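Have a look at the structure below, then the notes.
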Amino acid sequence: MIDNSGEDLDFDGIPIEWEHRWGFNPYIYDDFKSMDPDCDSIDTYEEYLVRDYGSDPFRADILLEMDFMETGPDGEYNIIDIEPFELMKVPNHKRNYVYHIDIGEKYGGDIIPFDEHLEKDEVYNLYDEYFIKDESDLWRRSVFHYSLNVYEVDYGGFEFNGDFNSENWNPPGTNSFVISTSCTDALLKTFLYLKSRDYIIASSIMHEMGHSFGLRWGDPFGVDCVGGMKPWTLKFWIIRPYKSIMNYQYTYKILDYSNGDNGRRDNDDWEQIDLSFFEI
């Protein structure tokens with residue numbers, strides 16, 4: 001008859017109603033920070049912290065926060081709507097990896113000042129200012145992946161470890177990436193892929209997220225192989241069986257990681273995915 005929700009009777013940091021909902025005993029202390037029954041690298045206490053997103057401590061959750069550059073003086077529109085995220089959810093949800101994407105619901109959706117061209121060092125500064133808020137929100141570093149959508153940036157976009165500026169691609173702890181509107185627009189103008197704008201954006205995001213899952217440059221063989229993009233090169237034919245969004249030949253043609261069914265030079269990306277890689 002009495003509403004005592006919010007009480008923490010066993011003093012383990014989580015209130016009784018959440019423990020009861022997920023089958024824990026609210027009268028027995030649990031070390032939730034050392035528990036990860038779904039092996040998604042988000043411990044059970046962190047699952048509680050992001051409960052408003054619909055996280056489930058017994059099902060793999062992937063959380064992505066995205067911020068955007070403001071519209072430029074000549075109408076350079078850099079906001080991404082929900083449609084590309086819905087596209088990239090499909091192949092992941094088939095494997096029971098459930099995406100939760102914040103583009104303004106709670107933490108994400110910050111608007112950064114317009115800059116015609118961002119250099120790599122500037123991206124790291126934005127990471128500190130808008131993602132971990134100069135360490136005031138450092139707890140999100142081990143829960144969320146982070147993305148910036150800007151107008152133009154070095155390399156046309158890249159993934160990075162927000163803890164340090166590394167010249168090596170895809171270092172352990174790669175948890176963030178930046179993509180650019182100008183790069184998307186350039187791809188659409190080539191007429192090579194005959195895909196929608198939403199599809200191109202979804203492909204870019206899913207490719208970069210693959211790096212934060214441990215699919216690194218050259219590991220597996222064929223990831224980000226620039227030298228294998230032209231059919232008159234030997235590498236093109238060597239890596240062609242690797243039908244993955246991580247292979248530049250297929251980045252804007254196949255919105256999926258490979259399942260390893262295409263011969264001996266293919267790779268089972270889904271088997272290799274490491275949800276803890278972004279925290280290492």
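No lab work stands behind these numbers, since they all come straight from the coordinates. Predicted, not measured: the structure shown is a model, and the values here were computed from it. Glycine also receives a Cβ, built like all others from the backbone with ideal geometry; neighbour counts cover every protein chain displayed.
If we sort 239-250, 25-36, 66-77 on the protection proxy, mean other Cβ atoms within 10 Å, highest first, what's the order?
Packing proxy ranking, top to bottom: 239-250, 66-77, 25-36.
At a 10 angstrom cut-off on C-beta neighbours, averaged per residue, how do the peptides 167-174, 201-208 rank from highest to lowest?
Answer by packing, highest mean first, reads 201-208, 167-174.
Run down the aspartates and glutamates and flag those whose C-alpha is under 18 Å from the C-alpha of LYS195, throwing out any fewer than 8 positions away in its chain.
Those aspartates and glutamates meeting the cut-off are ASP81, GLU83, GLU86, ASP185, ASP256.
Sum -39500 (n - 2.57) across every DSSP H segment of at least 4 residues in the chain, then divide by the residue count to get the 222 nm mean residue ellipticity, nearest 500.
One gets -6500 deg cm²/dmol as the mean residue ellipticity at 222 nm.
Pull up the cross-link candidates among the aspartates and glutamates for LYS235, meaning alpha carbon to alpha carbon under 13 Å and not fewer than 8 places away within one chain.
ASP224
Tell me the angle of helix 197-212 to the major Cα principal axis of the chain, expressed in degrees between 0 and 90 and rounded to the nearest ten.
70
Just subtract the alpha-carbon distance of GLN272 and THR233 from 0.36 nm times their residue separation and send over the number in nm, one decimal.
Numbers: separation 39, 0.36 × 39 = 14.04 nm, distance 2.76 nm.
Additional length available on full extension: 11.3 nm.
Amide H to amide H under 5 Å from VAL153: which residues, 5+ apart in sequence or cross-chain, H placed 1.01 Å off N in plane?
Sorted by chain and number, the residues that satisfy this are LEU118.
Nearest 20 debye, what's the magnitude of the dipole of the chain about its Cα centre given +1 on Lys and Arg Cβ and -1 on Asp and Glu Cβ?
2020
Whole-Hz ³J(HN,Hα) for each residue in segment 167-183, computed from phi via Karplus 6.51 cos²θ - 1.76 cosθ + 1.60 with θ = phi - 60°, x for glycine and proline: what do you get?
Karplus-based 3J(HN,Hα) across segment 167-183 equals 7, 8, 7, 6, x, x, x, 4, 10, 9, 7, 10, 10, 10, 5, 4, 5 Hz.
Output the pairs from LYS106/LYS189; LYS94/LYS133; LYS33/LYS106; LYS33/LYS120; LYS33/LYS89 with a Cα-Cα distance over 30 Å in this structure; if there are none, say none. Walk me through the intermediate numbers first.
Numbers: LYS106/LYS189 35 Å; LYS94/LYS133 34 Å; LYS33/LYS106 23 Å; LYS33/LYS120 34 Å; LYS33/LYS89 28 Å.
Pairs exceeding the cut-off: LYS106/LYS189; LYS94/LYS133; LYS33/LYS120.
5 Å is the cut-off here: which amide hydrogens, built 1.01 Å from N in the peptide plane, fall below it relative to TYR146, excluding neighbours closer than 5 in sequence?
GLU65, SER176, PHE177
Assuming R0 = 22 Å, can you tell me the calculated FRET efficiency for the pair LYS195 and ASN259, based on Cβ-Cβ distance, to the nearest 0.05?
Once the sixth-power term is evaluated, E becomes 0.55.
Relative contact order of the chain: what whole-number percent is it, with Cα pairs under 8 angstrom and at least 6 residues apart? All intermediate terms of the calculation are to be shown ahead of the outcome.
Values: 493 pairs, mean separation 38.7, N = 280.
Result for the chain is 14 percent.
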